């Protein structure tokens, strides 16, 4: 049975050949060049040796580490003794080259050797660290193993100690297999054709190997940052996979979540300047980040006519919810009145059979009130008339409230649906590929309705448009747990239904979804599970970690172990958008490109009195007039 030779033996043989004229049973035959030994050296480097059967597990040397070192020391000439006669001729260059190569390979392998395989179970490999090994291995480290087909690679997903006594202490590493580089291809591919054998060595992956694993895919990509495993190597995401199969950005407050979203979207737009991105911004963070590339819509600039609302949405605004009985009666009155108002505005002399209570056709609010009053005149009992009166009063209050003017203005009667959709969807782009919907200044009682209308309009536009002509659209939902919460009791049903429908069916119609949240435990499980690419930033809440663990695929649950220890701007990325899971550091944004989400510098601002002249009066003016900007438009 042929045994593998240790590195020390190989070095010893090379040196003895130069000082010991007597042949050794293991030495090459006369006339054989030392280069013939290099296949054996290559075997220890990570490539299969042609003379050693690779199907057999590598036997463990019977020598203890101390005995092996003593053997090497005894066989190596003392530095004080001449290794050659003084008049000996210099060694031939081939010998020197071979010895230097053996020494270099010996040093490289010893430097990067972690341990050996002790267990293989499917895609999971367990290894035992070499005694004395002190390599900086952590969750997410990429390691190399050997198989018959070539080099295989895995990612460290767990580290543990086994043994209660110090002399029995063993350090174990769990590795999840990622893919391989076959000898015949030199290209990394996901999945492994052959698993490593027991006792196979485990090495730290070299930088050159990491560059092959994380090379730029042969597809449209965007650069997001650099790899944590190899600082300086770029981290890429495949654009079509990232957008075509939805993505989610998860991270606690202060982890760099908003900056990460900005980096992702800016990278996409830099490579695709005619994109169509719609962002729901509940805190007015992103307007500054995108600058002139964004169309900013807030209560002062947004035009969202009330007649675009379907029956559920208009009922949420106008119907009294204090009593279930009164809500039922008022909803029935409103349904009949809205349908009649739509048909009346469409034209009594035209075929209006296609008009329903949800059809987005214009109607006058005055016509709606007149129809309700007409119906109220048919009743004499006060308990029935009260519902009509309340409904009329609510309509008049909403129409007169300046906060609702972007929706219930008297100028909302004309059929401007085409202009509304063009502004929201950025068709045409006109150098503004991003639409930012600033929800921060909208009344709390109507913000859910606004989100519902926008999401429904976006989906229905994608549903009814010609797919060969319609551009793909990306909808990004900040604070997504507010709109698609896990519990139905906390949700506005139409909003959750619209976003959930986009998550489940949107990709069929060229509609992509990006969910951004700091509380994934409060997010809808079904919606998050539809996101095939996850950007996991720092997160320490136990409920959030457990939720993420159950929402992602089984093979990626290891990432929850890393989330509490991630630094700011760092994330673990898994899923369809990246070729293999990776630990990245997002590219840093310039100060003018950062979203307005940074924590105020208390320690510096509180050092001295600030110039606050007119601050309170200006704030009161903006408060009373519901204005985000200064009176002068600054």
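The values are calculated or read from the model by the stated rules, or taken from the named source; none is laboratory data. Remember, it's a predicted structure, so these values are computed and weren't measured experimentally. Counting neighbours? That spans all protein chains shown, and the Cβs are built from the backbone with ideal geometry, glycine included.
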Odd one out for residue 556 among (1) at pLDDT below 85; (2) buried (at least 17 other Cβ atoms within 10 Å of the Cβ); (3) more than 23 Å from residue 246 (Cα to Cα): (3)
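Matching residues to (1) surrounded by 16 or more Cβ atoms within 10 Å (Cβ to Cβ); (2) in the same structural domain as residue 585 (by TED's automatic domain parsing); (3) in contact with a helix residue (DSSP H, G or I) (Cβ under 6 Å, 6 or more places away or on another chain):
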residue	(1), (2), (3)
191	no, no, no
194	no, no, no
197	yes, no, no
218	no, no, no
239	yes, yes, no
Any hit, the range 490-499, residues being part of a loop (DSSP other than H, G, I, E, B), in contact with a helix residue (DSSP H, G or I) (Cβ under 9 Å, 6 or more places away or on another chain) and without any contact (Cβ under 8 Å) to a residue 60 or more places away in the chain: yes
Note on the range 281-307: residues outside any loop (DSSP other than H, G, I, E, B), in contact with a helix residue (DSSP H, G or I) (Cβ under 6 Å, 6 or more places away or on another chain) and buried (at least 22 other Cβ atoms within 10 Å of the Cβ) are 289, 306
If a residue must be over 31 Å from the mean Cα position of the chain (by Cα), closer than 22 Å to residue 285 by Cβ and assigned to a helix (DSSP H, G or I), how many such residues does the range 424-449 contain? 0
So, residue 507, is that one in a helix (DSSP H, G or I), at pLDDT 90 or above and under 29 Å from residue 321 (Cα atoms) or not? no
Out of all the residues in the range 220-238, is one or more assigned to a helix (DSSP H, G or I) and either over 15 Å from the mean Cα position of the chain (by Cα) or touching a residue at least 12 places away in the same chain (Cβ under 8 Å) (or both)? no
Of all residues in the range 422-435 being touching a helix residue (DSSP H, G or I) at 6+ places or on another chain (Cβ under 9 Å) and within 14 Å of residue 301 (Cα to Cα), the one that is surrounded by the fewest Cβ atoms within 10 Å (Cβ to Cβ): 424
Every residue in the range 137-164 that is in a loop (DSSP other than H, G, I, E, B) and closer than 19 Å to residue 214 by Cβ, please. 137, 138, 139, 140, 141
Against the definition (touching a helix residue (DSSP H, G or I) at 6+ places or on another chain (Cβ under 9 Å), over 28 Å from residue 477 (Cα atoms) and outside the structural domain of residue 325 (by TED's automatic domain parsing)), how does residue 413 come out, yes or no? yes
Does the range 574-585 contain any residue that is surrounded by fewer than 19 Cβ atoms within 10 Å (Cβ to Cβ), without any contact (Cβ under 8 Å) to a residue 12 or more places away in the chain and assigned by TED's automatic domain parsing to the domain that holds residue 268? no
Name the single residue, out of those in the range 522-540 being at pLDDT 90 or above and more than 23 Å from residue 491 (Cβ to Cβ), that is surrounded by the most Cβ atoms within 10 Å (Cβ to Cβ). 535
Of everything in the range 477-493, what is within 19 Å of residue 278 (Cα to Cα) and either surrounded by fewer than 24 Cβ atoms within 10 Å (Cβ to Cβ) or over 19 Å from the mean Cα position of the chain (by Cα) (or both)? Give them in sequence order. 479, 481, 482, 483
Could you tell me how many of the residues in the range 317-336 are part of a helix (DSSP H, G or I) and in contact (Cβ under 8 Å) with a residue 60 or more places away in the chain? 4
Within the range 239-258, track down each residue that is over 13 Å from the mean Cα position of the chain (by Cα) and outside any loop (DSSP other than H, G, I, E, B). 240, 244
